[in-house]
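Accompanying notes for the structure given below.
Values quoted throughout were computed directly from the atomic coordinates according to the rules given, and no laboratory measurement underlies them. The structure presented is a predicted model; accordingly, all values stated were derived computationally and were not measured. No Cβ is skipped: glycine too gets one built from the backbone with ideal geometry, and neighbour counts run over all protein chains shown.
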Amino acid sequence: MRLEDALSRPRQLPRGLLWAALVIALMAQAALRWTTGSMQTGSAAATTPLYISSGKLLRDLSLGYDGLLADIYWTRTVQYFGRERLSGHPRFDQLGPLLRITTTLDPHLIIAYRFGAIFLAEKPPGGAGRPAEALQLLRRGIVANPQYWRLWQDLGFIYYWDLHDYRAAARVFRAGSERPGAEIWMKTLAAAVAAKGGELRTSQVLWAQIYRATEDETVRKSALAHLEALEAAQELQELDKALAFYEKQTGHPASSFKDLVAAGLLRRMPRDPSGTPYMVAPDGKASLGPGSTIDLRLVH
């Protein structure tokens, strides 16, 4: 039957099909209204319930438009995450359900697995602080997309940074390195993590690889921030050694790094990767100076 004929004779369509079309149209309209209006409705929108929480049911009712509906729900997920993150008291209660719905509607929506895992794993207030849920999401993604080796990479990162399970991280990196098309550096990561665990230099290797590999500017900025924090943490360790040596040699603690420069222990006044001079804290330890943009919380 031609489309024109079907539209001109709606009574001849099966009643069940009409009801299904009506339901999916209403759901799509509601989801779209949610995404376009949520940023204007304040905290009230943050508590909007998921009237249909089953991705399978939505897929069955989508009449073949499950990919479109998945895109709508992914947009909804991103906006929900952003609003909660800026709320000052994020809860992220709907984050997991929204991601399950999105990836059930479209099991091949790679971005939902990769960024969804970051949203779930990142510590509060920046994320939900649920690395176990992030692992579950990525495992579902691997089952649905067995040839996409970068999901193994993401899985290994969560084991490494969020769970500090270095043995599992090395095992995952090694398994991912055996997937078709995987980059050779996955084997390097597996070896480095297995040998040195959570050392700062190992973390640098991982973040440097992310910085080089990603095409997403937000991820690049995050990787650069982590690399700068790791570099500063290493420099602070070395400066603490220099301060301890100065005190042992002179019998009194240094009041500033000018003392170490004058004693020939440093060639110049040390600065962190942001260009801000380091300072000697009241406890005699090296610390970041006022105005530094380095976030040492990224190291832990």
Legend entry - Residue tally, condition surrounded by fewer than 21 Cβ atoms within 10 Å (Cβ to Cβ) and in a helix (DSSP H, G or I), over the range 193-214: 14
Legend entry - Output for the range 244-281, where each listed residue is within 38 Å of the chain's Cα centre (by Cα) and touching a residue at least 12 places away in the same chain (Cβ under 8 Å): PHE257, MET269, PRO270, ASP272, PRO273, SER274, THR276, PRO277, TYR278, MET279, VAL280
Legend entry - Residues (of a type outside the set (A, V, I, L, M, F, W, C), surrounded by 21 or more Cβ atoms within 10 Å (Cβ to Cβ) and touching a Ser or Thr at 6+ places or on another chain (Cβ under 7 Å)) located in the range 76-101: ARG76, THR77
Inset, instruction - Please specify each residue of the range 66-82 satisfying the condition of being within 19 Å of the chain's Cα centre (by Cα) and among the hydrophobic types (A, V, I, L, M, F, W, C). - result: TRP74, VAL78, PHE81
Inset, instruction - Output the number of residues of the range 134-192 satisfying the condition of being in a helix (DSSP H, G or I), more than 19 Å from GLU122 (Cα to Cα) and not charged (D, E, K, R). - result: 16
Inset, instruction - Any chance you could count how many residues in the range 236-280 are farther than 24 Å from SER292 by Cα and of a type in the set (D, E, K, R)? - result: 2
Legend entry - Within the range 119-133, tally of residues that are assigned to a helix (DSSP H, G or I) and surrounded by 18 or more Cβ atoms within 10 Å (Cβ to Cβ): 5
Inset, instruction - Looking at (1) assigned to a loop (DSSP other than H, G, I, E, B); (2) of a type in the set (A, V, I, L, M); (3) loosely packed, with under 15 Cβ neighbours inside 10 Å, find the lone condition where LEU266 falls short. - result: (3)
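Before we move on, is GLY284 on the phi > 0 side of the Ramachandran plot, assigned to a loop (DSSP other than H, G, I, E, B) and in contact (Cβ under 8 Å) with a residue 24 or more places away in the chain? Break it down into steps so the answer makes sense when it comes.
Working: on the phi > 0 side of the Ramachandran plot: yes; assigned to a loop (DSSP other than H, G, I, E, B): yes; in contact (Cβ under 8 Å) with a residue 24 or more places away in the chain: yes.
Yes: the conditions hold for GLY284.
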Inset, instruction - With the checklist (1) under 11 Å from the mean Cα position of the chain (by Cα); (2) in contact (Cβ under 8 Å) with a residue 12 or more places away in the chain in hand, flag the one item GLY129 doesn't pass. - result: (2)
